[in-house]
1. Residues that are touching a His at 6+ places or on another chain (Cβ under 9 Å), at least 1 per element: which helices (runs of 4 or more DSSP H) completely within the stretch 189-241 meet that?
2. Counting just the residues of the stretch 56-113 that are out of contact with any Leu (no Cβ under 6 Å at 6 or more places or on another chain) and on the phi > 0 side of the Ramachandran plot, which one comes out most open to solvent (accessible area, probe 1.4 Å)?
3. If we keep just the residues of the stretch 1-16 that are assigned to a loop (DSSP other than H, G, I, E, B) and surrounded by 12 or more Cβ atoms within 10 Å (Cβ to Cβ), which is modelled with the highest pLDDT?
4. List the helices (runs of 4 or more DSSP H) inside the stretch 17-117, counting only whole elements, that have at least 2 residues being touching a residue at least 24 places away in the same chain (Cβ under 8 Å) and in the same structural domain as A129 (by the TED database).
5. Would it be correct to say that Y26 is open to solvent by 20 Å² or more (accessible area, probe 1.4 Å), farther than 30 Å from N173 by Cα and under 21 Å from the mean Cα position of the chain (by Cα)?
Amino acid sequence: MKSNLSNREINDITSQQLFSLERKIYKNEFSIETVGNYLPGNVLVTNLNNFSTEYMNTRGCNILMHSAEELAQLGPEYFQKFFVMKEMKEFTERYIEMHQKQDSSFIYNFAHRVKPLNTPFYKWYFASAKLLYEPGQEVSNKMIVIVNEVNTLGAIAKKINSVLDESDWMKKNFSKFCRLTPKEREIICLLVVGNNSAKISDILCVSQLTINTHRRNIKTKLEIKTFAELYKFANTYGLCS
């Protein structure tokens, strides 16, 4: 699978995976406990009656540095312990709304930050959540969530704390960030430190015409006109270390 996925592709792929997973559990083809550790990303189940974490796969436990049992014992404190309060409030409110509506096909996609225990930085993650209907159930009291790091290279981790006050801007422009290819992200880094097209052409060993084409594509994808806007993207999303 290609790595430079667009936001729509991320939505589609993750939503399809989550829908398929939940339907197979509903049909009793397997349980989350038997398949969770074999799935890509972090997989968890939240009990919506008391907002406790009923299940977390090994990958998620390793990131949070807690066992599944410890996470379950935290109860609602789980949400306060690892997440940004405003973002946590937004997605838990949506969980409650989904719980009330009981739409078995609706999938909620969102970006949020997570700070593992004893680490100084938050990381951005992309999550897809759906009501989990277990065999024979017509009403669900559980949410199944698949979570993946926005930037698998972790490039935004060192930058995100410096722009906490711009989290709304970050989420609003998240889809634009996802449109960038790895080469375009590399070129942005070279631009924001002062290189022109000729210099970047020499560094990357490609023609200046190719660099200028990349620059036009970057402006189109990010919908920007000024260097200041480009710098804001680079800083917010940690494109340059």
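The values are calculated or read from the model by the stated rules, or taken from the named source; none is laboratory data. The structure presented is a predicted model; accordingly, all values stated were derived computationally and were not measured. Note that each Cβ is placed from the backbone with ideal geometry, even for glycine, and that neighbours are counted across all protein chains shown. Keep in mind that these areas ignore ligands, DNA and RNA; they rest on the heavy atoms of the full protein, side chains included. Shrake-Rupley method; radii C 1.70, N 1.55, O 1.52, S 1.80 Å.
1. Here the list reads 197-204.
2. Q102
3. Ranking the candidates gives S6 first.
4. 58-64, 77-82, 85-101
5. For Y26, the condition - open to solvent by 20 Å² or more (accessible area, probe 1.4 Å), farther than 30 Å from N173 by Cα and under 21 Å from the mean Cα position of the chain (by Cα) - is not met.
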